[in-house]
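*Asks:* Got a structure here, written out as structure tokens. Questions coming.
Values quoted throughout were computed directly from the atomic coordinates according to the rules given, and no laboratory measurement underlies them. Note that this is a predicted model, so its numbers are computed, not measured. As a convention, Cβ positions derive from the backbone with ideal geometry for all residues, glycine included, and neighbour counts pool all protein chains shown.
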Amino acid sequence: MSYARTVDSDRVVRGTVPILGFGVFAVATNEFVLAGMLPHLSASLGVTIPAAGQVVTVFALACALLGPVLATVTAGWPRRRALLLAVLVYLVGTAGAALAPLFGVLLVAQAVAAAGTGLFVPVAAATASALVAPERRGRAIATVLTGFTTATAFGAPIGTAVGSQLGWRATMWFVAALALVGMLGLVATVPRRVTAPAPEGLRNRVAPLADPRVLATLATTMVSFAAVYVLYTYIADVFGVATGHSGERLALLIFVFGAISIAGNMAAGALTDRIGGRGVMAVCLAWVVACMLVLPLAATTFTGALVFIAVFAVAGFSMSPPQQHRLITLNPASAPVLISLHASILYLAIALAGAIGGLGVAWFGAGRIGLIAAALGALALALSELAHRLSRPR
């Protein structure tokens, strides 16, 4: 018998599910917050800004690769135990990053923290689903995964502001403190016995990749978000002139980016229900390409940067709902596995953006990084149309 059948669902939703969402917010903030700290990392550890950007690449890559493995290993565990292990691993990695004396040590510590993040997010979503009645599972999972968006909108700018005043190590302690609060909330609210799904092997998790339609759709997701995260990862360098290298101004840019992205994401979900995922993706990608082409004009003044970020954010993070809709439409029975793959691909997109953006900054300078992102956006639009052609009934 599921725990949800013996506990009042309203009380669970009011208590445990928001705590799980806060946990996602806490462990995801680390992934986004260091993007605003790259100049500080560069100066503190004696590396170039493109090299410093690889902390984002390593974190995202470790999430993508280690998360599914750890989720498989712990699939038969009680959900509470798996959640607490994930937060503990994350805390060890984040504390190690805060104390890292060398850049190489920082990268290893970030990989450890990312393993905790990669495990926590899918387990938190599955736990929320198990705790509520079937008709409330969609809303419960959405509440949990909103932690990602709030990490971008609120966690990253707050951490950037802290780091600008106290240094990047203080930012790492800040995100560790968030996770510790989340852990205490988990101990207080998550029941000891929550029905876990049947263990699922890695082979079953990656089986949908044999379908060309799924592969093309996921490739669209990866390249689309790589175009967005090329800018986001190196935002401090791209808008260095516009912000006057002020941490407070940069924090405001990141906050505007995240806040408007929340509204854009919700609008994209509603629009997807009306015109379908293909149409929404075409609009978003054309929007992203157009914004990236005018980026050099907007990066010279703070007012121009604010306007650019506000306009770009409308479409920048609005591509997840239409892409998830397209995946689920391909095979509704495999929706959980497909959504899990989509999450892993998002991590790969962030890693790809960090690597490509780092090369772009090193070779061409931050002022031309928008052209690289525009090229990625155009490629993503072509992949989106290919995915549509492959998905049409013959």
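*Asks:* Using a 10 angstrom cutoff on alpha carbons, build the Gaussian network for the chain and name the most mobile of Val223, Val108, Val55.
*Replies:* Comparing Val223, Val108, Val55 in a Gaussian network model of the chain, the most mobile one is Val108.
*Asks:* Using r as the Cβ-Cβ distance of Ala282 and Leu184, and R0 as 41 Å, what FRET efficiency do you calculate, to the nearest 0.05?
*Replies:* So the FRET efficiency works out to roughly 0.35.
*Asks:* Related question: Relative contact order of the chain: what whole-number percent is it, with Cα pairs under 8 angstrom and at least 6 residues apart?
*Replies:* After rounding, I find 25 percent.
*Asks:* From zero outward in steps of 10 Å, how is the percent of C-alpha pairs of the chain spread across the bins?
*Replies:* Reading upward from the zero bin: 5, 24, 34, 26, 10, 1, 0.
*Asks:* Let me ask something else. Can you list the residues, at least 5 places off or on another chain, whose amide H is less than 5 Å from the amide H of Val190, using H built in the peptide plane?
*Replies:* Amide H to amide H, under 5 Å and 5 or more residues apart or across chains, Val190 pairs with nothing.
*Asks:* Follow-up question, since we're still on this one. Which value in nm describes the separation of the simple spin-label points at Val241 and Leu371, placed 7 Å from the Cα toward the beta carbon?
*Replies:* For the pair Val241/Leu371, the computed spacing is 1.5 nm.
*Asks:* Continuing with this model, one more query. Return the calculated 222 nm mean residue ellipticity for the chain, to the nearest 500 deg cm²/dmol, obtained by summing -39500 (n - 2.57) across DSSP H runs with n ≥ 4 and dividing by the residue count.
*Replies:* Helix contribution divided over all residues of the chain: -27000 deg cm²/dmol.
*Asks:* Give me the one-decimal nm value for the distance between modelled label points at Arg392 and Ala263, 7 Å along each residue's Cα-to-Cβ direction.
*Replies:* Placing both labels 7 Å beyond Cα along the Cβ direction yields 3.7 nm.
*Asks:* Using label points projected 7 Å from each Cα along Cα→Cβ, tell me how many nm separate Leu84 and Ala382, to one decimal.
*Replies:* Output for this residue pair reads 5.2 nm.
*Asks:* Return the sequence-ordered ³J(HN,Hα) values of region 20-32 in whole Hz as given by the Karplus equation 6.51 cos²θ - 1.76 cosθ + 1.60 applied to θ = phi - 60°, using x for Gly and Pro.
*Replies:* Running phi through 6.51 cos²θ - 1.76 cosθ + 1.60 with θ = phi - 60° gives 4, x, 5, x, 4, 4, 5, 7, 7, 4, 4, 5, 9 Hz.
*Asks:* How large is ³J(HN,Hα) for each residue in region 263-268, as worked out from phi by the Karplus curve 6.51 cos²θ - 1.76 cosθ + 1.60 (θ = phi - 60°), to whole Hz, x for Gly and Pro?
*Replies:* Running phi through 6.51 cos²θ - 1.76 cosθ + 1.60 with θ = phi - 60° gives 5, x, 4, 5, 5, 5 Hz.
*Asks:* So, one more: Hey, what do the phi angles of region 375-385 turn into as Karplus ³J(HN,Hα) couplings, whole Hz, using 6.51/-1.76/1.60 and θ = phi - 60°, x for Gly and Pro?
*Replies:* Here the 3J(HN,Hα) series is 5, 5, x, 5, 4, 4, 5, 5, 5, 4, 5 Hz.
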